[in-house]
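Enquirer: Pasting a structure here, questions to come.
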Amino acid sequence: MWINKEMSSSTRREFLRAGLYAVGLTAGLPSVFQQFSRAETEKALKGDEKHPERILVVLELAGGNDGLNTVVPFTDDAYYKARPSIGIAKKQVLKLNDEYGFHPSFEGMQTLFKDGKLAIVHGCGYPEPNLSHFTAMEWWHTATPHGNDKYGWLGRFADAHQPKPVDNYIVNIAARQSLAIASAKHSPVIFKDPRKFGRAGTEAEQKVFETYGKVYPTTNRSLDFVNTVSRTATGGAAVVRSACADYRTRVDYGSDNDVTLDLKKVAAMINAKLPTRLYYLSMGGFDTHAAQPELQQTLLMYLSDALRGFMEDIGRIGRADDVTVMLFTEFGRRVGENASKGTDHGTAGPMFILGKPVKGGFYGKHPSLTELDGGNLKMTTDFRSIYATMLSRWMGFADTKTVLKGEYPTLDIFG
Amino acid sequence: MKRAGLLILLVCLGATSVRPRAEEPKATPSAESQAAWTSDLTPIGEKDWNYARAAHLLERAGFGGTPEDIDKLAKMTPAAAVDYLVDYEKIDDSKLPAFEPSGIYPNGHKLVPIQDVVVKAIITGKAYGIKATQKGELEYQPAVNEFYTLLISEHAEMGRAGQWWAQRMLVTPRPLEEKLTLFWHDHFATSQEKVLNYELMLAQNQTLRKHANGNFRALLIAIAQDPAMLIWLDNRQNVKGKPNENFAREVMELFTMGEGQGYTEADIRELARAFTGWTMNPIETTKNEAKFLDKPSLHDDGEKTILKEKGNVNGTEAIDIILKQSAVPRFLTRKLYRNFVRTDLSPELNDKLAKVLADAKYDLKPLLKTIFLSRDFYSEASVGTQIKAPVPYVISTYRKLGLLTLPSVPDFNELTGQLGQVLFYPPNVAGWPAGRSWINPATLLTRGNFAHTLLFTDPVDYGHPEKVVAEGYRNIPQMFPKYNIKPHVWNAKEGKMEPVSVEKYEKFLVNLNAAELKAMGSKEGPMVNEMPAGPVKDVKSKLGKIADDERFNLAVGVYSGFVEAYNRVKPIPRTSADVDFAAMLKEAKVGNAEDAVDYFSKRFLRVELQAERRAAVVKFLAGELKSDKLDYSDKKLGEALRKIVHLILSAPEYQLG
């Protein structure tokens, strides 16, 4: 065993930085690391894929972000009529073109747009929308509105794209697993605080835990399953902890908050060359029924600063060509404001795709603010078109019809 | 606190320190005969009855137990043991304490939506029975503060009720009653998240308990008329001319027939009409007790066609039409079987069980007895193959430890929440996703770390006070300096929230985080390290500006709500588990490390610890003790034993029951 507690943290850091697969000395590795053997990792990275280096980061804005006050149609009188007190004045918006401008908090996002790294798709939704947070989010997670699929769209993609599961293929930074990544074959790594992601106990106890990370043949299928998860947990936890603890960056992501910290963890893991292809994150608080101006100002500021920082950081570690981020929310909000300076649950809203490989600009058609459906916007782009675009045009996976349970036209978002 | 009689010598272990593993095979029939039992509903014979099977029965039909508890069942005949668990009305439970409310409605008003409150405050200057406005800045803030106080009080009191129910699960002499109540809570999954009235949630809990092993028809009618359910699935708004189909849909899809089992969208619409007028009285003030109302004026008394039957039916008659469908007993038995036995059952076995339920006119006892007595229940496919749900996982751990008081280190609701199951908060009307979805890398590690916190944390060092502003809201005072929000921390001695300076508060938050990390065995330090920041570009979030002309502020309301709610809601005092593992071994006359590991494996596991893992734990214990022999005068013995129990409770095998 040549990696043990005597191994200095800088050695361990080098080991991770070089990539576990690059070390090439797998014999005698502690069981924790055996799963990252060269063959397995190389296969995971190469296989017969054209772009095995590509990574998709999905960030959900939970609670229903108000799209109209994020991408403001500042030339539309109907907008100001519907929102006399919370509408964002023309002189305040950060202009993107002659018609649309960002919320004043979205400064970092404006920079990304100007640099051509941000695509905005207008009016994303699905037919017969549901206005309950839970149901709407479930449908975005499963990509099967009005259905109740057991697995998420990213989980089904992982199963189809990588039918022989690879450890740490999916990472979900959250206290609880998202339905979006629920998979029949993969065991996603799920954690919130990497420092708490591990087994408590002394060094001597950790030796016993190594046996918990091994899979033994049994006749009990439930036990086989738990053993497999235990193996992912034991290996994944060690890798995630070191990746995060050893990461250093000078890039400013803005103030410390959930989305900032989560994106830094993603940067740390990408830097440590984990074989992860899908990262799933969530940012909450967008349910702005009252006092929306204050709440949204803070939320969008955090979000914009963190994303701009993340993009810079990914460039700094040399992975800008390999990473794109997709943002969505379960619904936009009612066009008309309510009596408490807020907005109630609505329907369609914009989606954002960011990254150096992205062809920046506007896509799709903005829904009309006067021809409404019960006070709500009529969607113009089915969100599954964006999913299909991310899977086929970015991840290079052709059979989106099976994964998304339907055929959806893709958008020309990637160069 | 130890369960009485814990130290009684275990008959099954014998009077000498024999390895229980060596004794087991005699009592356990070969795997082949067990495999032949799969799907066989023949009652298990008396000669096949033993300690291991009694342990399996108590694990599934209850929450497991101490060796004494298991032995009691093992000494009965199998039929008597099953009757003892199923016919639980015969057991006196009058000593179980009722829930003690904190009194969260001092102004006599309950929660109503914030929009209504703000409107009321604007129009009348009053809301929730208090003066809703104030002079100067943040005019409507008093109303908003009271809204959050009530909202947070509702959740905090519900948390106490969850703790109360868990305590009941732990000590009840009728374990199956609570296991079934939990099953029905999952089946008719209603959440405080929407109901927002803990009294109604507790009343529903009592209704579920009342009918838990009774008749399903009676249970279904009681639930259809239950105020929490009337709110949860909107039937109180289901009125003639404007039917709301939410409840009708779920009755067929989730409560009786199952999705795609022979009903149409038209049936749902017609069924909704039958339920029109089933509503409840307004409950905004404490003057009114919640009551089911059957309002003829709101009932659609036209002709309906439900499942091909025509007639002017009301809610009860509609339920009877549904219960005639053969899909119903099939659906219910499948769900009960999956909960109590295993996930895969053949259509033939499903039909056989459905016939038992149908023949008994939906009386549940014959079905429960058939299942628990069957060879199938004790077959290899059933024993030790179930992934324990979080609540039974935690409760059975405490039962097996012999505890009589639910520890609050770690906090029960917080723990089961991390594991994915909070009592009174199922994720949606479909209930908790069961089986494998309980286990992922995060929850698996949390399950093991739970044992560590339980066995190694002194409440004094726990760091997590009885009441602390929920994560995500703790930084509100610092985030909004403009409003001068006074930070508060819980003073356990005084029993109230106490204002502190910002400096002290920051320190408190740092310590809280450090204590949480320590309980996990991790070190302090940032999650991701930062070097000194480079030049700032396009970064706005450090400015923290807010608008100037607010009439109320939600952040102020949330923080103030936490402080006020915590002053209203009684605390759950921090107590920990005090278990004397050395005494257990001494009583069982265990003399060496190997036997000690086997003793605890047998006590806690229903699936044998894999050989290499067992060897590693034995080696570990011998290493800690620096000897293969146990020395009961060694002061370090207790800690070493706590460590091996932590190891065993962290094993993949312990996830199964």
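Enquirer: How big is the dipole moment of the protein assembly as shown about its Cα centre under a simple scheme where the beta carbon of each Lys and Arg is +1, that of each Asp and Glu is -1, and everything else is neutral? Debye, nearest 20, please.
Expert: Dipole magnitude for the protein assembly as shown comes out near 1340 debye.
Enquirer: Calculate one ³J(HN,Hα) per residue across region B:644-652 by plugging θ = phi - 60° into the Karplus curve 6.51 cos²θ - 1.76 cosθ + 1.60, and present them in order as whole Hz with x for glycine and proline.
Expert: Once rounded to whole Hz, the list reads 6, 5, 4, 4, 5, 6, 8, 5, x.
Enquirer: With the crude spin-label approximation of a point 7 Å out along Cα→Cβ, what separation in nm comes out for B:Asp458 versus B:Lys210?
Expert: Taking the simple label geometry, B:Asp458 and B:Lys210 are separated by 4.9 nm.
Enquirer: Along region A:85-100, what does the Karplus equation 6.51 cos²θ - 1.76 cosθ + 1.60 (θ = phi - 60°) give for ³J(HN,Hα), rounded to whole Hz, x for Gly and Pro?
Expert: Computed from phi, the couplings for region A:85-100 are 9, 10, x, 8, 4, 3, 6, 8, 5, 8, 5, 10, 7, 6, 10, 10 Hz.
Enquirer: Partner chain Cβ atoms within 10 Å, averaged over the residues of B:433-440 - can you pull that number for me?
Expert: Taking all residues of B:433-440 together, the mean is 5.
Enquirer: For labels at A:Arg316 and A:Glu203 in the simple 7 Å Cα→Cβ model, what's the distance in nm?
Expert: 3.4
Enquirer: What ranking do A:320-331, B:495-506 get when scored by the average of other Cβ atoms within 10 Å per residue, highest first? Walk me through the intermediate numbers first.
Expert: Values: A:320-331: 22.7, B:495-506: 14.0.
Result, highest mean first: A:320-331, B:495-506.
Enquirer: Greater than 18 Å separation of Cα atoms is the criterion. Which listed pairs, B:Lys486/B:Lys507; B:Lys400/B:Lys636; A:Lys81/B:Lys120; A:Lys192/A:Lys265; A:Lys164/A:Lys356, meet it?
Expert: Listed pairs above 18 Å: B:Lys400/B:Lys636; A:Lys81/B:Lys120; A:Lys164/A:Lys356.
Enquirer: Considering amide H positions built from the backbone, and no H for Pro or chain starts, which residues 5 or more places from B:Lys304, or on another chain, come under 5 Å of its amide H?
Expert: Residues meeting the criterion, in which the H sits 1.01 Å from N, are B:Gly311, B:Asn312, B:Val313.
Enquirer: Evaluate peptide B:644-652: per residue, the Cβ atoms of other protein chains within 10 Å of its Cβ; return the mean as an integer.
Expert: Counting other chains' Cβ atoms within 10 Å and averaging over B:644-652 gives 5.
Enquirer: Mind checking which of A:Tyr387, A:Ser340, A:Ala398 is farthest towards the positive end of region A:273-415's charge dipole, using Cβ charges of +1 (Lys, Arg) and -1 (Asp, Glu) about the Cα centre?
Expert: Of the listed residues, the answer is A:Ala398.
Enquirer: Next question. Assuming a ≥ b ≥ c are the square roots of the Cα gyration tensor eigenvalues, decide whether region A:115-158 counts as rounded (a/c under 1.5), prolate (otherwise, with a/b larger than b/c) or oblate.
Expert: oblate
Enquirer: May I pose another question? Give the Rg/Rh ratio for region B:180-269, taking Rg as the radius of gyration of the Cα atoms and Rh as the Kirkwood radius, to two decimals.
Expert: Looking at region B:180-269, the ratio lands at 0.97.
Enquirer: Give me the percent of DSSP beta bridges within chain A that run antiparallel, rounded to the nearest 5.
Expert: Values: 16 of 41 bridges.
Roughly 40 percent of the DSSP beta bridges within chain A come out antiparallel.
Enquirer: Let me ask another. On each of the three principal axes of the Cα atoms of chain B, give max minus min coordinate, whole Å, ordered largest first.
Expert: Largest first, chain B extends 80, 74, 52 Å along its Cα principal axes.
Enquirer: Still on this model: Would you mind pulling out the separation of the Cα centroids of region A:191-251 and region A:365-415, in Å?
Expert: 37
Enquirer: May I ask what percent, to the nearest 5, of DSSP beta bridges between residues of the protein assembly as shown are antiparallel?
Expert: Antiparallel bridges: around 55 percent, rounded to the nearest 5.
Enquirer: Over every pair of different alpha-carbon atoms in region A:276-342, take the mean of 1/r and invert it; report that Kirkwood radius in Å.
Expert: 14.3
Enquirer: What is chain A's relative contact order, in percent, from Cα pairs under 8 angstrom and six or more apart in sequence?
Expert: 27
Enquirer: Now a separate question. Tell me the net charge near B:Ile44. Cut-off is 15 Å between Cβ atoms, B:Ile44 excluded, with +1 for each Lys or Arg and -1 for each Asp or Glu.
Expert: -1
Enquirer: Another question, if that's okay. Helix A:9-18 against the longest principal axis of chain A: what's the angle in degrees, Cα atoms only, rounded to the nearest 10?
Expert: Orientation of helix A:9-18: about 70 degrees from the principal axis.
Enquirer: Given H placed 1.01 Å from N in the peptide plane, which residues other than close sequence neighbours of A:Gly342 have an amide H under 5 Å from its amide H?
Expert: A:Ala291, A:Gln292
Enquirer: Taking all pairs of distinct Cα atoms, average 1/r, flip it, and tell me the Kirkwood hydrodynamic radius of region B:389-498 in Å to one decimal place.
Expert: 16.4
Enquirer: Another one. Kindly state, to the nearest 0.05, the FRET efficiency for B:Asp351 paired with A:Ala160, given R0 = 41 Å and r defined as their beta-carbon distance.
Expert: Taking R0 as 41 Å, the efficiency between B:Asp351 and A:Ala160 is 0.70.
Enquirer: To continue, here is another question. Based on DSSP H runs of at least 4 residues, each adding -39500 (n - 2.57), what is the mean residue ellipticity at 222 nm of chain A after dividing by all its residues, to the nearest 500 deg cm²/dmol?
Expert: The per-residue figure over chain A is -10500 deg cm²/dmol.
Enquirer: Continuing with this model, one more query. Over all residues in B:468-475, what is the mean tally of Cβ atoms on other chains that come within 10 Å of each residue's Cβ?
Expert: On the way: counts 0, 0, 0, 2, 4, 0, 0, 2.
Rounded to a whole number, the mean comes out at 1.
Enquirer: Here's something else I'd like to know. Kindly state, to the nearest 0.05, the FRET efficiency for B:Leu404 paired with B:Glu639, given R0 = 30 Å and r defined as their beta-carbon distance.
Expert: On the way: r = 23 Å, r/R0 = 0.77.
The computed FRET efficiency comes out at 0.85.
Enquirer: From the residues A:Tyr151, A:Val215, A:Trp140, which one has its Cα farthest along the dipole of region A:98-222 in the positive direction, the dipole being from +1 and -1 charges on Cβ of Lys/Arg and Asp/Glu about the Cα centre?
Expert: It is A:Val215.
Enquirer: Could I ask something else about it? Which peptide among A:209-216, B:292-299, B:146-153 comes first, and what is the full order, when sorted by highest mean count of other Cβ atoms within 10 Å?
Expert: Averaged packing, sorted descending, gives the order B:146-153, A:209-216, B:292-299.
Enquirer: Between B:Glu612 and B:Lys240, 0.36 nm times their residue separation minus their Cα-Cα distance comes to what?
Expert: Length difference between fully extended and current span is 127.2 nm.
Enquirer: Using the Cα centre as the reference, give the magnitude of the dipole from point charges on the C-beta atoms of chain B (Lys, Arg: +1; Asp, Glu: -1; all else neutral), rounded to the nearest 20 debye.
Expert: For chain B, the charge dipole is close to 540 debye.
Enquirer: Ignoring solvent entirely, what values of log10 I(q)/I(0) come out of the Debye formula for region B:183-224 at 0.23, 0.28, 0.30, 0.31 Å⁻¹ when each Cα is a single scatterer?
Expert: -0.74, -1.03, -1.13, -1.18
Enquirer: Where nothing but the Cβ of Lys and Arg (+1) and of Asp and Glu (-1) is charged, how large is the charge dipole of region B:121-228 around its Cα centre, in debye to the nearest 20?
Expert: Taking the Cα centre of region B:121-228 as origin, the dipole is about 340 debye.
Enquirer: Another question about this same structure. What shape does region A:353-415 have by the C-alpha gyration tensor, where a ≥ b ≥ c are the square roots of the eigenvalues, rounded means a/c under 1.5, and otherwise prolate means a/b greater than b/c and oblate the rest?
Expert: Values: a/c = 3.58, a/b = 1.52, b/c = 2.35.
Judged from the Cα gyration tensor, region A:353-415 comes out oblate (a/c at least 1.5, b/c at or above a/b).
Enquirer: Binning at 5 Å from 0, report for region B:255-390 what percent of all alpha-carbon pair distances ends up in each bin.
Expert: 2, 9, 15, 15, 12, 12, 12, 10, 8, 4, 1, 0
Enquirer: Say the dipole of chain B comes from +1 at the beta carbon of Lys and Arg and -1 at that of Asp and Glu; which of B:Leu332, B:Phe620, B:Gln237 then lies farthest toward its positive end?
Expert: Ranked along the dipole, the leading option is B:Phe620.
Enquirer: Going by a ≥ b ≥ c, the root eigenvalues of the Cα gyration tensor, does region A:277-415 fall in the rounded group (a/c under 1.5), the prolate group (a/b larger than b/c) or the oblate group?
Expert: Verdict is oblate for region A:277-415.
Enquirer: Kirkwood hydrodynamic radius of the protein assembly as shown from all distinct Cα pairs, in Å? Display every interim value, and only then the final one.
Expert: Values: mean 1/r = 0.0322 Å⁻¹.
Its Kirkwood hydrodynamic radius stands at 31.1 Å.
Enquirer: Setting aside same-chain residues fewer than 8 positions from B:Lys482, which aspartates and glutamates have a Cα under 14 Å from its Cα?
Expert: By straight Cα distance, B:Lys482 reaches A:Glu294, B:Glu137, B:Asp548, B:Asp549, B:Glu550.
We did not get these values from a lab; they are worked out from the coordinates using the rules stated. Predicted model, so just to flag it, every value in this text is computed and none were measured. With ideal geometry, Cβ positions are generated from the backbone for all residues, glycine too; neighbour counts draw on all protein chains shown.
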